[in-house]
Every structure is written in structure tokens, then in C-alpha cells.
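Structure, as C-alpha cells:
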Amino acid sequence: MTDPASVRVVVATRNHHKLRELAEMLDGVRLEALPAEVELPPEDGDSFAANALTKARAAREATGADAIADDSGIEAAALGGRPGIHSARYAGASASDEENLDKLLSEVAAAGGDRRVAYVCVIALVDDAGAEHLFEGRCTGTLAERPRGSGGFGYDPAFVPDEIGDGRTMAELAPAEKHAISHRGRAARMLAAHLAARGTAASGR
């Protein structure tokens with residue numbers, strides 16, 4: 001079987017939080033940061049998949065290597081699924097995580113009693129031959145009234161996952177607990193399974 005660590009995978013992101021999480025989730029896969037000189041295209045697609053594919057294609061074109069990119073966000077039932085693909089810039093193009101979260105908390109509170117939310121992540125892989133693959137993960141939960149916890153990033157301090165069941169937010173979970181249930185963890189495990197199967201197929205030729 002091909003050793004996954006021998007596969008070079010470039011990650012098309014400038015978000016160091018995402019890069020660190022993917023490295024933790026894809027243990028044994030040799031991830032490389034996108035070279036500083038490569039310019040990523042704007043995230044102006046109409047879906048998570050479209051945005052992820054645009055970035056992965058750009059990284060593969062620039063490096064010639066297997067490239068992955070993710071696009072992820074939070075969907076609030078009370079807001080008709082917003083902020084969705086606009087999660088990273090919900091409070092403005094240069095908004096901080098705290099500003100985005102504050103806006104979401106304020107708008108959900110104003111919208112009434114429905115605090116159901118879902119995290120969505122799509123990871124796109126464009127391999128060195130140009131073949132494209134998509135892996136989607138979801139995690140459902142409720143939105144806490146106030147942020148809690150110092151771990152994670154983005155909307156994690158207010159996202160209470162359904163599967164944990166003890167009221168802790170994503171930001172209060174240990175990394176291993178979070179990765180086991182998170183949207184990005186689920187998508188990453190699908191990607192890892194694909195890479196492993198590809199390596200098995202290659203070794204059997």
C-alpha cells in the first residue's frame with residue numbers, strides 16, 4: 001500500500017486555524033501550506049462546494065500537486081440558513097470572529113425562539129491529474145445565548161453540538177472530542193478514506 005505520508009497535499013487556505021485542524025485530523029498525510037506567492041481567488045461562488053473547488057483548482061494549477069480546500073460555515077434555522085457561505089465575513093469583509101459571532105447572536109435573538117444551527121464543511125480535492133472530488137460533513141446543534149470556552153475558532157464559542165449532550169460548546173471541547181463530531185472532522189475522514197483507497201488501488205496495479 002502507498003504510504004499516505006508520501007503523498008504531497010497542498011492546502012489552499014490562509015487560515016492557520018483550519019490548517020492546524022486539518023493537520024490534526026489527517027494524521028499521516030503530508031500537508032503543505034499554500035506558497036505565499038500563490039493568490040487565492042475570491043470566494044464568490046453560490047455554494048460551499050463551488051468556493052472550495054475554486055480554491056483547490058487554483059492551488060493545483062499553481063503547484064501541480066494534489067490540492068485541497070475547504071469552505072465551511074454555520075446555518076441558522078431562524079435566519080433561513082444564513083450566514084451560510086458568508087459566515088467568514090458576516091459582519092463585513094474584514095470582520096473578526098468575535099464581530100461575526102456577535103452579529104449572529106443578535107440576529108438569532110431578534111428572530112425569536114428557534115436556536116437550531118448546523119455547521120457545514122465541504123472539502124474539495126483536485127488531484128495532480130486534475131480529477132475533482134468533494135467530501136461534505138455536517139454537525140447539528142443549538143446556539144448558546146452567550147459565548148463560552150477558549151478553544152476552537154469562528155462560531156465555536158456559541159455552538160452547542162447535539163451529539164455531546166452535556167451543554168458544552170465546541171470551544172469547551174478537547175480537540176479530539178471536537179474532531180470526532182465536527183463538520184470538518186467528518187469531511188476530513190471521508191477525504192482520508194479516499195486517499196487510502198487510492199493508495200491501495202495504485203499499489204495493486
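For the reader, a short list of remarks on this structure follows.
- First in the range 41-64 and at negative phi and without any contact (Cβ under 8 Å) to a residue 24 or more places away in the chain, second anywhere and loosely packed, with under 15 Cβ neighbours inside 10 Å and part of a loop (DSSP other than H, G, I, E, B), Cβ under 7 Å, 6 or more apart: THR54/PRO41
- The range 59-93, subset assigned to a loop (DSSP other than H, G, I, E, B) and of a type in the set (A, V, I, L, M), residue surrounded by the fewest Cβ atoms within 10 Å (Cβ to Cβ): ALA93
Every residue, every condition in (1) more than 15 Å from the chain's Cα centre (by Cα); (2) under 23 Å from ALA69 (Cα atoms), yes or no:
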| residue | (1), (2) |
| --- | --- |
| LEU105 | yes, no |
| ASP128 | yes, yes |
| ARG138 | no, yes |
| ARG146 | yes, no |
| SER150 | yes, no |
| GLY185 | no, yes |
| MET190 | no, yes |
| LEU195 | yes, yes |
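- Some residue of the range 72-86 being touching a Leu at 6+ places or on another chain (Cβ under 6 Å), under 30 Å from ALA193 (Cα atoms) and touching a residue at least 40 places away in the same chain (Cβ under 8 Å): no
- Scanning the range 21-40 for residues that are exposed (fewer than 13 other Cβ atoms within 10 Å of the Cβ) and over 17 Å from GLY64 (Cα atoms) yields ASP27, GLY28.
- Flag for GLU145 being within 23 Å of ALA56 (Cα to Cα) and either among the charged types (D, E, K, R) or exposed (fewer than 15 other Cβ atoms within 10 Å of the Cβ) (or both): no
- Remark: ALA109 falls outside the filter, which requires a residue to be in a helix (DSSP H, G or I) and in contact (Cβ under 8 Å) with a residue 60 or more places away in the chain.
- Selection count, the range 142-162, where residues are in contact (Cβ under 8 Å) with a residue 60 or more places away in the chain and either over 18 Å from GLU99 (Cβ atoms) or not in a loop (DSSP other than H, G, I, E, B) (or both): 2
- You will find that of ASP128, ASP156, the residue that is within 30 Å of ARG30 (Cβ to Cβ), surrounded by fewer than 17 Cβ atoms within 10 Å (Cβ to Cβ) and either touching a helix residue (DSSP H, G or I) at 6+ places or on another chain (Cβ under 9 Å) or among the β-branched types (Val, Ile, Thr) (or both) is ASP128 and no other.
- Any pair with Cβ under 6 angstrom, 6 or more apart, that starts in the range 19-33 at a residue that is over 10 Å from ALA188 (Cα atoms) and ends at one that is small (Gly, Ala, Ser): GLY28/ALA5; ARG30/ALA5; LEU31/ALA23
- Qualifying residue in the range 163-175 (condition: surrounded by fewer than 21 Cβ atoms within 10 Å (Cβ to Cβ), more than 18 Å from the chain's Cα centre (by Cα) and in a strand (DSSP E or B)): no
No value in this document is a laboratory result; all are computed from the given coordinates. Every value quoted in this text rests on a predicted model; they were computed, and no experiment measured them. Positions of Cβ are backbone-derived with ideal geometry, glycine not excepted, and every protein chain shown enters the neighbour counts.
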